[in-house]
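Take a look at the structure below.
We did not get these values from a lab; they are worked out from the coordinates using the rules stated. Computed from a prediction, not measured in an experiment: that's the story for all the values here. Every residue, glycine as well, gets a Cβ built from its backbone with ideal geometry; the counts of neighbours run over all protein chains shown.
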Amino acid sequence: MKSEKQIFNIDPTDFAFALVKLLAVFGAMIWGLYHPMSPSAKLFFLILIGFYFVYNLALYLCVFKFADKAPKIYFFELLVDLIFLSVIVPMTGGLNSTFTLGFFLLAAIHSFYYGLFASIGIALLVSGVYIFSCPHCLTQIHWTDISLRAGFLLLLAVTMGYLSERERRMHRQLVNAEQLAAMGLMSSQIAHAVRNPLSTISLSTELLADEIKKCRGVDTREAETLIGSIMSEVQEVNDVVEEHLKFMRKSKSEYRNSDVNALLDSLIKFLEKEASHKGISFLKELERNLPNARIEESRLRQIMLNIMRNSFEAMPAGGQIRVYTKKEKDGVEITVEDTGVGISRENLRRVFEPFFTTKDVGTGLGLYIARDMVITAGGGISCESKVNKGTKVKIRLPFMS
Ligand code: ADP
Ligand code: MG
């Protein structure tokens, strides 16, 4: 479900690309204004950059408006930018022009966008245009220099492609983990729901069999056979349901003893790199000598990951996540507080509902699963939030007895 208040629907990657492009064009304008060259060359250069600026504005408006067409638009952008650079480079000093660095920028941005495999093709295309952007300059520069520059460009493209691939894989894994956990949870709920009518059917069938036995002078053999087959089918369904519930109970009662501080330490370490890329800092205030909590460690990890992932997503422009633990009378308290966009009052009531999401690619299951796991462990979870100030999610878990 999407919030009605969501007016802008801009992907952070598209926004970052637009910003990089804007800064690059701005830098080129300043260069054109102050770089020593003849007045006519300066005028021509500035007009060209002006057109290029307007073209980029139109291009990114298209990217924001037609997000589903973004891969095609970015490919078009790559081709136009390559043509643009091959006009600018010969004008500004050939292969030694500062504008050749633009080829590296193009290779980096597009490799990040299209991923690892495409990055090799992009690097070959960009370095080809780079080398032949000024054919007559090729005699001024030794082939070893040309090869090394193309090699650096290839390395940069592949590195960016690899990083984006890794980020996408991590995101997919998290979404899959949420979906798997939710499916397990729902199948248990269905099993529970089926068990009650099943026992009613079984009991009623037994009573019916008794009633049939009382009938005198009627041939009841056919009825008894039918009742026998109903009973055996009911037994079969019952066995399947019991087996499933037993399996779920077993997986819930595995190792339940978590060192909360150690887990938070390792989780924050795991997320810190991604956080710093997103301009997010962690502030940790973990109480010393905190008793262990009675919950399986992998579950606590999943809960905290779901909560922190939400904080990440609530701070597209960066911010701070404060994580603190406290020993309370009846258990361990973990609080995650962010400085993100916050949650409106009407949405706050619904955040723990299954499938409630305000995100384009959200599952709406993160907090639902977290809540279910916390409650199964005998604890509680709450969420407070102020729009544009931030959100605080608090979890209470019982001590390990
Ligand atoms: P999802 O993240 O897939 O949308 P969740 O169950 O994790 O599903 O969260 C449900 C909704 O609660 C989110 O879509 C979002 O609107 C809101 N929400 C949860 N945590 C935060 C947070 N830290 N800051 C702002 N909104 C949040
Ligand atoms: Mg979530």
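If you keep only loop residues by DSSP, which chymotrypsin sites (Phe, Trp or Tyr not before Pro) in segment 337-401 have at most 15 other Cβ atoms within 10 Å of their Cβ?
Phe355
Only bridges whose two residues both fall in segment 219-348 count here: according to DSSP, what percent of them are antiparallel, nearest 5?
Among the beta bridges of segment 219-348, antiparallel pairing accounts for roughly 60 percent.
Could I have the simple spin-label model distance between Arg169 and Phe44, label points 7 Å from Cα toward Cβ, reported in nm to one decimal?
It works out to 4.9 nm between the two label points.
Pop a pseudo-label 7 angstrom from the Cα along the beta-carbon direction at both Tyr55 and Asn96 and give the gap in nm to one decimal.
2.8
Compute the helix-to-body angle for 366-376: its Cα long axis versus the longest principal axis of the chain, expressed 0 to 90° and rounded to tens.
The angle comes out at about 30 degrees.
What residue among Ser232, Pro39, Ala28 has its Cα farthest toward the positive end of the dipole of segment 1-249, where the charges are +1 on Lys, Arg and -1 on Asp, Glu, each on the Cβ?
Sorting the options by dipole projection puts first Pro39.
What nm value, rounded to one decimal, do you get for the distance between Phe26 and Val361 when each label is placed 7 Å out toward the C-beta?
If labels sit at Phe26 and Val361, their model points lie 2.7 nm apart.
Explain nothing, just the number: dipole magnitude of the chain about its Cα centre with +1 on each Lys and Arg Cβ and -1 on each Asp and Glu Cβ, in debye rounded to the nearest 20.
1080
Under the definition of Cα pairs under 8 Å and six or more residues apart, what whole-number percent is the relative contact order of segment 1-249? Don't skip to the answer; put the middle values down first.
Values: 161 pairs, mean separation 33.7, N = 249.
Taking the mean separation of contacting Cα pairs over the length of segment 1-249, I get 14 percent.
Report the antiparallel proportion of the DSSP beta bridges in the chain as a percent, rounded to a multiple of 5.
Around 80 percent of the beta bridges assigned by DSSP in the chain are antiparallel ones.
So what are the chain's ellipsoid semi-axes, whole angstrom, largest first, if each one is the square root of 5 times an eigenvalue of the alpha-carbon gyration tensor?
Output for the chain: semi-axes of 61, 28, 20 Å.
Could you please state, rounded to a whole Å, how far the C-alpha centre of segment 13-28 is from the C-alpha centre of segment 127-194?
Here the answer is 20 Å between Cα centres.
Give a quick list of trypsin sites (Lys or Arg not before Pro) in segment 366-401 that DSSP marks as loop, anything other than H, G, I, E or B, with at most 15 other Cβ atoms within 10 Å. Mind dumping the intermediate values first?
On the way: sites: Arg371, Lys386, Lys389, Lys392, Lys394, Arg396; in loops: Lys389.
Listed in order of number, the matching sites are Lys389.
What is the spread of the Cα atoms of segment 257-398 along each of their three principal axes, largest first, in whole Å?
37, 31, 23
Each residue of segment 230-244 in turn: what ³J(HN,Hα) in whole Hz from Karplus with 6.51, -1.76, 1.60 and θ = phi - 60°, glycine and Pro shown as x?
Going residue by residue, I get 4, 4, 6, 5, 4, 4, 5, 4, 4, 4, 4, 4, 4, 4, 5 Hz, with x marking Gly and Pro.
Mind checking which of Lys214, Lys246, Lys326 has the largest fluctuation in a GNM of the chain, springs on alpha carbons under 10 Å?
With Cα springs under 10 Å in the chain, the top fluctuation among Lys214, Lys246, Lys326 is at Lys214.
Give the relative contact order (percent, whole number) for segment 295-401; include only Cα pairs under 8 Å separated by 6+ residues.
Working: 180 pairs, mean separation 33.5, N = 107.
Here the relative contact order equals 31 percent.
Given the rule -39500 (n - 2.57) for each run of at least 4 DSSP H residues, summed and divided by the residues of the chain, what is its mean residue ellipticity at 222 nm, to the nearest 500 deg cm²/dmol?
Here the helix-only value at 222 nm equals -22500 deg cm²/dmol.
So which cysteines in the chain don't have a second cysteine's C-beta under 4.7 Å from them?
Cys62, Cys215, Cys383
Which whole-number percent gives the relative contact order of segment 280-342, counting Cα pairs below 8 Å spaced six or more residues apart?
Rounded, it is 44 percent for segment 280-342.
With the chain treated as a Gaussian network of Cα nodes joined by springs under 10 Å, which of Ile131, Ile201, Ile343 yields the largest mean-square fluctuation?
Ile201
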